[in-house]
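Have a look at the structure below before the remarks.
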Amino acid sequence: MNALFQHRTKILAEYDGSLPLAIFLKQYFRQFPVLGSRDRRILSAMTYSHYRAGKAFKGLEDEQQMSAELLLCEQDGTEYQRVLKAVHPAPEGAALNTRVEHLNALGISTHLNEILPDSVQLSPGVESNQWLERILGRTSVFIKPEKGAEKDIRKRLEKSNIAFEMGEQGEFKLRQGIQLESILEPKSYRVQDWASQQIAQFLPTEAPALIWDVCAGAGGKSLILSEQYPKAHLLVSDVRPSILKNLEERFKLHRRNLPQMMEIDLTQLPADIDPLEGKKANLIVCDVPCSGSGTWGRTPEQAWFFNPESLKDFQEKQQKITLRAADFLADDGTLIYITCSIFSAENEDNTKKICEVGGFKVMQQTTINGFENQADCLFVSVLKRI
C-alpha cells in the first residue's frame, strides 16, 4: 500500500496535463517494470479518480482523500479494498447520491459543485447532473465489428468470460480496461464510441461525388464515410502528419480503399491556395478542435485543467476552420459541423455565426447525448447554403 501511495503522489506531482493521461501513465509504468498488472490497474484507478473527484474534497489527509475519491468514483470493488482503509466502502454499485450520503455519514463533506465549471452554458439536451454522473461514473468501451465478424467476436469474448452488451446497431459495449488486442483479431473490429457511430444518421441520402473530411483525426469518421459512400472520392486532412499516418494504417487494417490525404492547417491557408484544385466538394465534414467536454468521462484530466477563458480561442479557431472549408463547398453541397463539446459557445453560438457570415441555414441540429449509455456526447449541425 505504501509503495502504491508513493507512486500515486509522484504521478500527481509530475503530471501537468500536456499529454493525455493514458499516454502519461503508460510512459510512467515503463519506468517501473516491477509494477504488476494489478498494481498498474489500481494506480490507474487512483489517478483517474483524483482527476474525476479530487476537487470535491477539502482539508482531508492524503490517504483519506484518495480513499474518498475512489469511493465517489465507484471504485469500491474487492480489488481496491487494500487502498480503501481510510474510508469504509459503500455498497458496490451504489448510486451517486448514496455514495455522497455514505461519505457525509463518515464526516466527509462532498462539494460536487466544485468538480465541473458552472460558469459555462450547456447546450440544450444536456443536464449538468447527467454530466457530473458521467464524470464520476464508470466508463464503457464500444467496438464496431467488421462485416461478418460479430459471431467470432462474441465467441471469443464469451470464452474469455468478458461481459458485454449488444447495441441496436450491432456494436459491443464492454467495461473499460480490457486488453482487447489479446482476445480479438485486430482487423475484426474497431474501437469507436457509441456517439461517434451515430454520425451516419446525419449524412445525406444522395451519394456525394467528392467528400472532404476536415480535421479527420485518427479516421473514425473517415471510415464511416468510406462505408456509407464507397464510390465517392474521399479527401481527408489534418494538421498532424502522425495522425494521418495512423489513419492510413487503420484503413489498411480494415481493407478499405485509401483516401487522398493532405496535411493542411485551414487557419493558416492562404487565399490563393486551393487544396481541391478547382473542384468543389459535395459534402464537407468539419469535426473541429474543441474543449472535448462531451468526452470528459473518458478524459477527466481535461476537466481538471480546463480554463473557461480558453473557449474564446476555441470559438475563433472553430469558426475560422469551418468558414475557410466552406469556400470549397459546392453551391448545393452539405456542410456538417461537429464538436465533442456540450458547451453552447462551441455549438449553437458557433453555428449561428457561421450561418450569418457564410450564408448558411441550419437543416438539422442536435446534441447526441450518450451519457445515459456511458458514452460521449457530440454536437452535430447539418448546414446548407441559403
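Here are the numbers:
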| quantity | calculated |
| --- | --- |
| Among residues of segment 58-74, those that are assigned to a helix (DSSP H, G or I) and surrounded by fewer than 23 Cβ atoms within 10 Å (Cβ to Cβ), counted | 4 |
| Every residue from segment 10-37 that is part of a helix (DSSP H, G or I) and touching a helix residue (DSSP H, G or I) at 6+ places or on another chain (Cβ under 7 Å) | Ile11, Leu12, Leu21, Leu25, Tyr28, Phe29 |
| Strands (runs of 3 or more DSSP E) wholly inside segment 244-362 that include at least 2 residues being surrounded by fewer than 15 Cβ atoms within 10 Å (Cβ to Cβ) and not assigned by TED's automatic domain parsing to the domain that holds Ser49 | 260-263, 329-339 |
| Residue match in segment 185-193 (condition: without any contact (Cβ under 8 Å) to a residue 40 or more places away in the chain, surrounded by 20 or more Cβ atoms within 10 Å (Cβ to Cβ) and not in a loop (DSSP other than H, G, I, E, B)) | no |
| Residue pairs meeting the criteria (Cβ under 7 Å; at least 6 apart or on separate chains; first over 16 Å from Ala3 (Cβ atoms), in segment 29-56; second crowded, with 16+ Cβ neighbours inside 10 Å and aromatic (Phe, Trp, Tyr)) | Tyr51/Trp304 |
| Hits in segment 5-45 - residues which are under 22 Å from the mean Cα position of the chain (by Cα) and among the aromatic types (Phe, Trp, Tyr) | Tyr15, Phe24 |
| Options Val141, Val214, Val239: the member that is surrounded by 20 or more Cβ atoms within 10 Å (Cβ to Cβ), under 20 Å from Ala325 (Cβ atoms) and in contact (Cβ under 8 Å) with a residue 12 or more places away in the chain | Val214 |
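Residue-wise test of (1) in a helix (DSSP H, G or I); (2) out of contact with any helix residue (DSSP H, G or I) (no Cβ under 9 Å at 6 or more places or on another chain).
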| residue | (1), (2) |
| --- | --- |
| Asn104 | yes, yes |
| Asn113 | yes, no |
| Leu116 | no, no |
| Ser119 | no, yes |
| Leu132 | yes, no |
| Ile135 | yes, no |
| Ile153 | yes, no |
| Ala163 | no, no |
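The values are calculated or read from the model by the stated rules, or taken from the named source; none is laboratory data. Bear in mind the structure is a predicted one, so any value in this text is a computation, not a measurement. Heads up, the Cβs are rebuilt from the backbone with ideal geometry, glycines too, and the neighbour counts pull from every protein chain shown.
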